[in-house]
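Enquirer: I have a structure I would like to understand better, so I am pasting it below and will then ask my questions one at a time.
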Amino acid sequence: MNRSIAVTVNGEALTVDIKDNWTLFHLIKDTLGLVGTKDGCRQGVCGSCTVLVDGMPVRSCMALAARCDGKVVTTIEGLRENGELHPLQQAFIDAGAVQCGFCTPGILLTMAAYLKEHPSPSEDDVREALIGNLCRCTGYARIIRAVMKVSAA
Amino acid sequence: MSLPSFEYKAPGTVEEAVTLLAEYGDDAIIVAGGLTVVILLRERLARPSVLISLSDIPELSAITVNGNAIIGATVTHDQVTRSAALAEFAPLMGMACGRVGSPGIRNMGTVGGSVSHGDGASDTAPALLALGAEAVIAGPDGQRTVPLKEFFFGVFDTALEDGEILTALRIPPASPGTQMRFKKYTCTSAEAYAAVTVATALDLTPDGTCRVARIGLGSVAPKPMRAVEAEALLQGNKLTPELIAEAANVAAGETDPPSDGQGTSGYRRDMTRVWVRRLLEDTAGG
Amino acid sequence: MGVTNKQAPSFKYVGKPIKRGEAVDKVKGQWVYGTDLVLPGMLYAKALRSPYPHARIVSIDVSRARGLVGVRAAITGKDVDYMFGSAIQDEPFIARDKVRYAGEPVAAVAAISEEIAREAIDLIDVEYEELPGIFDPLEAMKEGSALVHEDLGLYATEPTYTTYPGTNICNHTKIRRGDVEQGFREADEVYEDVYTTQYVQHCPLETHVGIAQIGSDGAVTMWSNSQAPYNFVRDMGNALGLPYNMIRVISTGVGGGFGSKIYLRPEPLAVALAKVTDGKPVKHAFTREEEFTSCVLKHPTNLTFKTGVKRDGTLVARKITAIFNTGGYADTGPLVARNGAFSGTGPYRLDNIWVDSYCVYTNNPQGGAFRGYGVPQLTWAHESQMDDIARRLGIDPVEIRMRNLFELGDSTCTGEVLRTSVGVKETLRRAVEVSEQAKPLPAPDNPNVVRGRGLATMHKLTYTPTTSTAIVKMHQDGSVNILSSTLEMGQGIYTALRQMVAERLELPLEHIRISPPDTDYTPYDQTTSGSRSVFHMGNALMLASGHLIEQLRELAAKLLDCPLDETEYREGAVWRKEANEYLSARAIIAGRFGPRGSTIQGQGTFTPPGAQAPDKETGQSPKVSAFWMYATQVADVEVDVETGQVKVLRVVAAHDAGRIINPDGAEAQIEGGVVQGLGATLHEEMIVKDGIALNPSFAEYKIPASMDVPEIIPVFVETEHDEGPYGAKGLGEPVLAPVSPAIANAVLDAVGVRISSLPITPEKVLRALAEKQRAAASQEAGT
C-alpha cells in the first residue's frame, strides 16, 4: 500500500511517497539518502538510529514512516545551527568523546533534546538520560563530560 | 530492516477501530507505540495484511484523574512519568513507568501496549496490579471491564477476546495512608529485563497495622501476578520484622520464575524474597 | 587527566592531547561506514543459515528463491568450490555436504532490495540429517571422539601451528622451560586450580559489512569495514587461487572492531554471489543476530594452573593446560591459543615452566580474535591464582607480586631476556598509590553491602614478526599525504600517526593528512590489531619520513651546489649549514622539476629486528615479541550479600605502553577498555546450549550502559622502548585484561569467596557465600 505523507525534514517541507511497511529509518536513509542515521541493532535497544520527531527522541528503526505524516523530523544532519556546529557537537570534539563514532549521531540528538528540556542537569541525571544509547568504545565518561560542559555554559 | 508488506490504517475513533478489527479478524494486528509489533513483523513472527494503529484516537492518549484515574491505552510511559496528576494520585505509576527500558523506549512504548501484550516481564503490570487497576476493553458487543488480577492468563495470553481492544487502564483511588514502593531488580545492565520486579501498595494505620496489602510481581511467573497469599498474611496484622520475613518467604513460594538470561528460577525466587522483604521493611520504617 | 610519572621532553606534537581530525565528520554524521555505503547497481545479499550445529545437508533447492521477482542470484555450496581461513584453510564459502555450527550459511541470494532478499530466503528448501554434536572441548579432545573435521590433515595450514589430524585439535602450542617436576619437588607448596571463561561477543555498534564486485578481468574488489585489508587480499587470493594484485580491498569507515574484523567473514559469501551477478556489486551486511551467531566470539577457555611456590611466595614452577573452544572452524583460534600461552605464566620470574595450549574444534559458534588474543583469559587465571596463593600463604597480594614481577634483565617464559622497557613493578606501585590517594568513596547507601579492593597485573606480547610499510608523499607545495593501510576504528591511530610524522618532518600538523586504506594504492600493513600500530606503522613512517628528508637533502645539495654532508633538514626546508642559505621544499621541487612540479615519496618498511620463530617443542626464542606491554589495575567493589550483586565503584588503571603519543587518546582507550572488560566480568555471556546461541540480541545480551560504569582513573608509566618510535609501545589490548581478575580479587577481599568462572554473576556470588557459610557451620559443629 502506498501513500503520500507531508513531513518536514531538517527544516525542509517535503511531500514523499512511501509504502505502508516502511520504517522511518528506511525513509530517512534509503529514500532521502541521509547517511548520518545509523543502524545498530534493529530492535530499538542501541539507540544508534535515534532521530527527533517533533523534538522528541525516537528510535527510527522501530517507528513507522506512515505515522510521521505532519511531523517535524530532525536527523543529525539538521543539528547544526546556522551552518555552525551545535555546541554539543563541538563539545564532543573538544572532550575526545568520539571514538569509532557510530553511536555519536544518536547520542548527540538524544542529548540535544534532553538539554533543551533540562538545561542544568546533574552528572547522575545525564548518566540516566543516556541509558538507552549504547557505546562500546568510550565507556561514556567523555560523553557525559561533554554534555555537562555544554549544560554549564 | 525491512518489514513484510501490510496496509496501515489509522482510525479516528474506538468504534472505527473495533469495526476494522471485526472486518479483518486474524489478518489484522493492533499497534500503539510499535515496539512490540515492529519486532514481530521484522522477525516474520506475524504477517498481518493490516495494521490498525490507535495513535490517531485522541481519547486513548489522555490521562484523566477524576475520582478514578484513567490512563488511555496509547499513553506512553514517558507521559506517565510527566503527569503531575498521576504523581499525586498513584505515585507507583511514575515509579514503574520510569524504570521501563530507557528514555528512548519510554517515548514510544505505551502502558496499554505493555499490558495487552500479556508479557510476564512487563514492569508496569505489577504496579497496576498493586493499585488494583481494571482493564477497560472495547469490542463488538460494547465495553466491559476486567479487574487486572483476572486479566492475565498465561504466557502472552490475556482476557482479550478476538475483536477486542484494550482502551484504558482504570485505577481506583488509594486509601489515604497508602504507601507505595517499587523495585525493578536487574542482574545485568541497569537497562536490561528484570530478574524480578516488585510493586507494593500498603495501607497502614499509624501504629503500623496493615489494613490492605497488595503486592504485584513481574518477571517471576509466566504472567504478571499478585502475591495473594503473602497479602493475606499481612492484612489485618502489625508489620513486625518476623511477619515481614514470613510474608516475603510466602511471596517467593507463590512465584514460578523462568530460567533465562536474567537468572535461574531458584535465584529469582530468592530475589523475590529479598526485595519483597526490603520493600516491606522500607514501608514499615518510613 | 591521566597521571604520568615522567617529565615530558619538549616535543611539539608527540605527547600532546591533539584533537582527532575525523571527529568533525563523525559528529556531523558524514563519516561513511560500511553499513552506509551504497554503490550503483548494488544488490543485497542474504544468507540462509543452518539451524543445526552439526548436520548433513541431504538436499537443497533454491529454484523457488531464484524465481522470485527481483532476485538476481541464488546459490548453494555446490555452486561455490572455495575454502578460506587464515591459519587453516578449513572453511567453505558456503557449506557443502555438512554444517559444523548453527548459523553456518547453506545458501545465499542476491536481490535488488533487502526486503526481497529476506523474502527469498524463506523460499529455499533444505533437508538436513541431524548429526550428534560435539560441544564440550574436553570431550572433543579425548581419543575416539567424533571428528568435526575429518580432513584436518588436508587443509593448507600455516607452519606456525601444530595440528593433529585425526583429532579435533587444530593447534597445540608448547612451552617447556627448566624442569617443572623438579620445581614442584623443590616447592614448599603446590597448588592446582581451575579457572574458566565464557563466550563474549565484541558487539561493535556497526556490524560486519562486505561488498564485492568482480571485474571483467576477474579482479575482485571488496569494500569492507575490515581491520586488516591485506589479510583479506591474501586470504581471498589464496581461496580463489588468484594473484594478490587481482584482489583490491577498499576500506570504509569502521564502527568498532575489537578484533572481530581482522579476518574474512561476510566477504566470502558476497564474492560468491558477485561471481554470478554479471558485474553488479553485492553487499552482505550482517544483522545484529548474525553478528552473534555467525561471526566470531571470544574463546571460552578451561584453564588448569598447577603452581609450586616457596613459603615466602616466590614462584618456583608452573604447569598450565589451556583449552580454547574454537567452534566449527579454526578462524584465528590457533593464534589465540598460541598468544595466550606465551603470556600465560604472567609477568613473573619463573625458571620451570610447562605449558600446553590447545585450540579445539567443536560444533559451537566460532571463536576468533578478541581484543587480547587469549591474554585476557590467561590473565584471569594467573591473577586469580596469585591472590588464591597469597591468601593460602597469608601474604599480602601486593607483596607476593613484588617478590616475583619482572625487572630488566629477567627472562620471559619463552626465554626472551627483557632488555628494555619493563615498567610492570612501577605500574603496580603507581596503581596502589593512586587508589590509596584517590578521594574517599562516598559511603554506601545500601546497608547490605561489604566493600573490598583487589588488583591484577598483566603483560602482553604482540605477534612478531609482522611488517608495516608506509609512504610519505610530499606535494610540490610541501604538504604531505600519509599512505598507510592502518585502520582508524576509534582508537585514535590516525591522529597518533599524523602527530609522529609532523614531529619527524617538523611540519605543522595541518599539513599532514591521512586517509582510509585502498590496497591498490596504500602499501602493506599486516593488520590493525595486536596493539601493534603505533610501534610498527609508527616506525615505518619514521623510516619513510627519513627517506623523504634524505631525498630533499640530496636534491637540495645539487641545487645549492654543495656536498650532502653540509646540508641539514629543518622544518620543511634544507639548509646549507655554513652559508646560512636554505631552500624550502617547494623551492626544491620546483628547482628540480620545474613549475608543474612533482610529488616526492619517502618509503619505509619496518619489521622488528631480531625476531625468531619459537622452537615448536619448547616455545623458546630469543625474541618472540617486538615489545611487551604491562599493566596493573586496582578495583574497588561493593558486594550486596543478600543479592550477590557486585557493583564496581572505582578502577585505577596503570599502564606501561612506553611513551604515550597522545594522552587524550590513550586515556580514552583505558576508559573504554576497562568498561568493555567490566561487561565481560560481571554479566556478558553468550549462552550456548548444545551449540545453539540462546541470547543473540542486544535485548538479551547486555553490554554496559551509562549507569553501569564506575569511576576510572588512568595512570601512565612511560618506560621508553628503545626500538619504539619516540619510545612508544602499544596500549589497545591490555586495557581490558586486568579488570576481570581485579574485580574477582576485590570480591575475595570483600566477602572471602573465590569466583573462578566468568562472568561473576550475583547468583554465583550468592551460592559461594552460602557454601562458605555451610562450610563454616559444619566446621564449628566439628563435622
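The values are calculated or read from the model by the stated rules, or taken from the named source; none is laboratory data. All figures in this text were calculated on a predicted structure; none of them were measured in a lab. No Cβ is skipped: glycine too gets one built from the backbone with ideal geometry, and neighbour counts run over all protein chains shown.
Enquirer: Determine which single condition A:Val35 fails, assuming it passes every other condition in (1) more than 24 Å from C:Gln676 (Cβ to Cβ); (2) touching a strand residue (DSSP E or B) at 6+ places or on another chain (Cβ under 7 Å); (3) facing chain C (nearest Cβ under 8 Å); (4) not small (Gly, Ala, Ser).
Expert: (2)
Enquirer: Might you let me know whether region A:137-145 holds any residue that is within 16 Å of the chain's Cα centre (by Cα), closer than 23 Å to C:Thr207 by Cβ, hydrophobic (A, V, I, L, M, F, W, C) and more than 7 Å from every other protein chain (Cβ to nearest Cβ)?
Expert: Yes, because at least one residue in region A:137-145 is within 16 Å of the chain's Cα centre (by Cα), closer than 23 Å to C:Thr207 by Cβ, hydrophobic (A, V, I, L, M, F, W, C) and more than 7 Å from every other protein chain (Cβ to nearest Cβ).
Enquirer: Mind listing whichever residues of region C:345-376 are surrounded by 24 or more Cβ atoms within 10 Å (Cβ to Cβ) and either assigned by TED's automatic domain parsing to the domain that holds C:Ile687 or of a type in the set (Ser, Thr, Tyr) (or both)?
Expert: C:Thr345, C:Ser357, C:Tyr358, C:Tyr361, C:Thr362, C:Tyr373
Enquirer: Name the single residue, out of those in region B:91-104 being surrounded by fewer than 24 Cβ atoms within 10 Å (Cβ to Cβ) and either closer than 15 Å to B:Ile63 by Cα or basic (Lys, Arg) (or both), that is nearest to the other protein chains (Cβ to nearest Cβ).
Expert: Residue satisfying both the conditions and the ranking: B:Arg99.
Enquirer: Hey, another quick one. Of the conditions (1) assigned to a loop (DSSP other than H, G, I, E, B); (2) surrounded by fewer than 17 Cβ atoms within 10 Å (Cβ to Cβ); (3) at negative phi, C:Leu205 clears all except one; give me its number.
Expert: Looking at each condition in turn, C:Leu205 falls short on (2).
Enquirer: Let me ask something else about it. Among the residues of region B:33-70, how many are more than 20 Å from the chain's Cα centre (by Cα), outside any loop (DSSP other than H, G, I, E, B) and of a type in the set (Gly, Ala, Ser)?
Expert: Here the count works out to 1.
Enquirer: Let me ask another. If you take the residues in region B:187-204 that are of a type in the set (Gly, Ala, Ser) and closer than 21 Å to C:Asp708 by Cα, which one is nearest to the chain's Cα centre (by Cα)?
Expert: Within region B:187-204, the subset of a type in the set (Gly, Ala, Ser) is B:189-190, B:192, B:194-195, B:199, B:201.
Next cut, closer than 21 Å to C:Asp708 by Cα only: B:189-190, B:192, B:194-195.
On the way: B:Ser189: 21, B:Ala190: 19, B:Ala192: 17, B:Ala194: 13, B:Ala195: 16 Å.
The extreme case among them is B:Ala194.
Enquirer: Report yes if C:Lys689 is at pLDDT 95 or above and more than 7 Å from every other protein chain (Cβ to nearest Cβ), otherwise no.
Expert: Numbers: at pLDDT 95 or above: yes; more than 7 Å from every other protein chain (Cβ to nearest Cβ): yes.
For C:Lys689, the condition - at pLDDT 95 or above and more than 7 Å from every other protein chain (Cβ to nearest Cβ) - is met.
Enquirer: Hey, could you check region C:652-667 for residues that are of a type in the set (Asp, Glu) and within 19 Å of C:Phe11 (Cβ to Cβ) and say which is farthest from the other protein chains (Cβ to nearest Cβ)? Can you show your working first?
Expert: Going residue by residue through region C:652-667, those that are of a type in the set (Asp, Glu) are C:656, C:664, C:667.
Remaining after also requiring within 19 Å of C:Phe11 (Cβ to Cβ): C:664, C:667.
On the way: C:Asp664: 5, C:Glu667: 8 Å.
Looking at residues that are of a type in the set (Asp, Glu) and within 19 Å of C:Phe11 (Cβ to Cβ), I get C:Glu667.
Every residue, every condition in (1) in contact with a strand residue (DSSP E or B) (Cβ under 8 Å, 6 or more places away or on another chain); (2) part of a helix (DSSP H, G or I), yes or no:
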{"position": "C:Tyr230", "(1), (2)": "yes, yes"}
{"position": "C:Gly237", "(1), (2)": "yes, yes"}
{"position": "C:Ser260", "(1), (2)": "no, no"}
{"position": "C:Tyr263", "(1), (2)": "no, no"}
{"position": "C:Ala272", "(1), (2)": "yes, yes"}
{"position": "C:Phe292", "(1), (2)": "yes, yes"}
{"position": "C:Leu303", "(1), (2)": "yes, no"}
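Enquirer: Find the residue count for region A:42-56, including only residues that are within 7 Å of another protein chain (Cβ to nearest Cβ), on the phi < 0 side of the Ramachandran plot and in contact (Cβ under 8 Å) with a residue 60 or more places away in the chain. Give the derivation first.
Expert: Taking region A:42-56 and keeping what is within 7 Å of another protein chain (Cβ to nearest Cβ), we get A:42-48, A:50, A:56.
Within this subset, residues satisfying the condition of being on the phi < 0 side of the Ramachandran plot are A:43, A:45-46, A:48, A:50, A:56.
Filter again for in contact (Cβ under 8 Å) with a residue 60 or more places away in the chain, leaving A:45-46, A:48, A:50.
Summing the residues that are within 7 Å of another protein chain (Cβ to nearest Cβ), on the phi < 0 side of the Ramachandran plot and in contact (Cβ under 8 Å) with a residue 60 or more places away in the chain in region A:42-56 gives 4.
Enquirer: Is it the case that region B:246-264 has a residue that's more than 13 Å from chain C (Cβ to nearest Cβ), assigned to a loop (DSSP other than H, G, I, E, B) and at pLDDT 95 or above?
Expert: Among the residues of region B:246-264, at least one is more than 13 Å from chain C (Cβ to nearest Cβ), assigned to a loop (DSSP other than H, G, I, E, B) and at pLDDT 95 or above, which makes the answer yes.
Enquirer: Looking at region A:92-109, I want the residues that are in a loop (DSSP other than H, G, I, E, B) and have a partner that is β-branched (Val, Ile, Thr) with Cβ atoms under 7 Å, at least 6 apart or on another chain. Which pairs are those?
Expert: Taking only residues 6 or more apart or on different chains, the pairs are A:Ala97/A:Thr138; A:Ala97/A:Ile143; A:Val98/A:Thr104; A:Val98/C:Val27; A:Gln99/A:Thr138; A:Cys100/C:Val254.
Enquirer: If we keep just the residues of region B:105-151 that are touching a strand residue (DSSP E or B) at 6+ places or on another chain (Cβ under 7 Å) and among the hydroxyl-bearing types (Ser, Thr, Tyr), which is nearest to the other protein chains (Cβ to nearest Cβ)?
Expert: Filtering first and then ranking leaves B:Thr110.
Enquirer: Okay, next question. Of a type in the set (D, E, K, R), part of a strand (DSSP E or B), more than 30 Å from B:Thr272 (Cβ to Cβ) and free of Cβ contacts under 8 Å to residues at least 60 places away in the same chain: does that describe C:Glu568?
Expert: Numbers: of a type in the set (D, E, K, R): yes; part of a strand (DSSP E or B): yes; more than 30 Å from B:Thr272 (Cβ to Cβ): yes; free of Cβ contacts under 8 Å to residues at least 60 places away in the same chain: yes.
Taking the combined requirement at face value, the residue satisfies it.
Enquirer: Related question: Any chance region A:103-118 includes a residue that's in contact with a Lys or Arg (Cβ under 7 Å, 6 or more places away or on another chain), under 27 Å from A:Cys137 (Cα atoms) and within 7 Å of another protein chain (Cβ to nearest Cβ)?
Expert: Taking region A:103-118 first, the residues in contact with a Lys or Arg (Cβ under 7 Å, 6 or more places away or on another chain) are A:104-106.
From what's left, under 27 Å from A:Cys137 (Cα atoms): A:104-106.
Those still in the list that are within 7 Å of another protein chain (Cβ to nearest Cβ) too: A:104-105.
Yes: region A:103-118 contains one or more residues that are in contact with a Lys or Arg (Cβ under 7 Å, 6 or more places away or on another chain), under 27 Å from A:Cys137 (Cα atoms) and within 7 Å of another protein chain (Cβ to nearest Cβ).
Enquirer: Test C:Ile124 against the stated conditions and say whether it is crowded, with 23+ Cβ neighbours inside 10 Å, at pLDDT 95 or above and aliphatic (A, V, I, L, M).
Expert: Details: crowded, with 23+ Cβ neighbours inside 10 Å: no; at pLDDT 95 or above: yes; aliphatic (A, V, I, L, M): yes.
No.
Enquirer: Can you confirm whether region B:75-90 contains a residue that is more than 12 Å from chain A (Cβ to nearest Cβ), surrounded by fewer than 24 Cβ atoms within 10 Å (Cβ to Cβ) and of a type in the set (Asp, Glu)?
Expert: Yes, that holds for at least one residue.
Enquirer: Looking at region B:74-89, I want the residues that are touching a residue at least 60 places away in the same chain (Cβ under 8 Å) and have a partner that is buried (at least 21 other Cβ atoms within 10 Å of the Cβ) and among the aliphatic types (A, V, I, L, M) with Cβ atoms under 7 Å, at least 6 apart or on another chain. Which pairs are those?
Expert: What qualifies is B:Phe89/B:Ala69.
Enquirer: Looking at region B:3-16, is at least one residue on the phi > 0 side of the Ramachandran plot and in a loop (DSSP other than H, G, I, E, B)?
Expert: Looking through region B:3-16, none of the residues is on the phi > 0 side of the Ramachandran plot and in a loop (DSSP other than H, G, I, E, B).
Enquirer: Restricting attention to region C:251-270, does a residue exist that is touching a residue at least 12 places away in the same chain (Cβ under 8 Å), closer than 23 Å to C:Arg49 by Cβ and surrounded by fewer than 24 Cβ atoms within 10 Å (Cβ to Cβ)?
Expert: Taking every residue of region C:251-270 in turn, none turns out to be touching a residue at least 12 places away in the same chain (Cβ under 8 Å), closer than 23 Å to C:Arg49 by Cβ and surrounded by fewer than 24 Cβ atoms within 10 Å (Cβ to Cβ).
Enquirer: On to the next question. Just the residues that are under 20 Å from C:Val24 (Cα atoms) and surrounded by fewer than 19 Cβ atoms within 10 Å (Cβ to Cβ), please, taken from region A:99-147.
Expert: A:Arg145, the sole residue that qualifies.
Enquirer: Could you list, in sequence order, the residues of region C:540-554 that are touching a residue at least 12 places away in the same chain (Cβ under 8 Å) and surrounded by fewer than 24 Cβ atoms within 10 Å (Cβ to Cβ)?
Expert: Of the residues in region C:540-554, the ones touching a residue at least 12 places away in the same chain (Cβ under 8 Å) are C:540-553.
Scanning region C:540-554 gives C:Met542, C:Leu543, C:Gly546, C:His547, C:Ile549, C:Glu550, C:Gln551, C:Arg553.
Enquirer: Shifting gears a bit: When the residues of region B:42-53 are narrowed to those that are within 8 Å of another protein chain (Cβ to nearest Cβ) and under 23 Å from C:Glu289 (Cα atoms), which ends up surrounded by the most Cβ atoms within 10 Å (Cβ to Cβ)? I'd like the intermediate steps shown before the answer.
Expert: So the first thing to find is which residues in region B:42-53 are within 8 Å of another protein chain (Cβ to nearest Cβ), and the list is B:42, B:44, B:51, B:53.
Checking which are under 23 Å from C:Glu289 (Cα atoms) leaves us with B:42, B:44.
Working: B:Arg42: 20, B:Arg44: 13.
Out of the qualifying residues, it is B:Arg42.
Enquirer: Could you count how many residues in region C:725-761 are part of a helix (DSSP H, G or I) and either buried (at least 24 other Cβ atoms within 10 Å of the Cβ) or among the hydrophobic types (A, V, I, L, M, F, W, C) (or both)?
Expert: The total comes to 13.
Enquirer: Name the residue that is farthest from the chain's Cα centre (by Cα), counting only residues in region C:141-177 that are among the small types (Gly, Ala, Ser), at pLDDT 95 or above and surrounded by fewer than 14 Cβ atoms within 10 Å (Cβ to Cβ). Break it down into steps so the answer makes sense when it comes.
Expert: Going residue by residue through region C:141-177, those that are among the small types (Gly, Ala, Ser) are C:144-146, C:153, C:156, C:166.
Imposing the further condition that a residue be at pLDDT 95 or above reduces the set to C:145-146, C:153, C:156, C:166.
Adding the requirement that they be surrounded by fewer than 14 Cβ atoms within 10 Å (Cβ to Cβ) leaves C:153, C:156, C:166.
Numbers: C:Gly153: 28, C:Ala156: 24, C:Gly166: 30 Å.
So, considering only residues that are among the small types (Gly, Ala, Ser), at pLDDT 95 or above and surrounded by fewer than 14 Cβ atoms within 10 Å (Cβ to Cβ), the one farthest from the chain's Cα centre (by Cα) is C:Gly166.
Enquirer: For residues that are of a type outside the set (A, V, I, L, M), at negative phi and either assigned to a loop (DSSP other than H, G, I, E, B) or without any contact (Cβ under 8 Å) to a residue 12 or more places away in the chain (or both), tally how many sit in region C:239-250. Talk me through it step by step, then tell me what you get.
Expert: Of all residues in region C:239-250, those of a type outside the set (A, V, I, L, M) come to C:241, C:243-245, C:248.
Then keep just the ones that are at negative phi; that gives C:243-245, C:248.
Then drop every residue that is not either assigned to a loop (DSSP other than H, G, I, E, B) or without any contact (Cβ under 8 Å) to a residue 12 or more places away in the chain (or both), which leaves C:243-245.
Count: 3.
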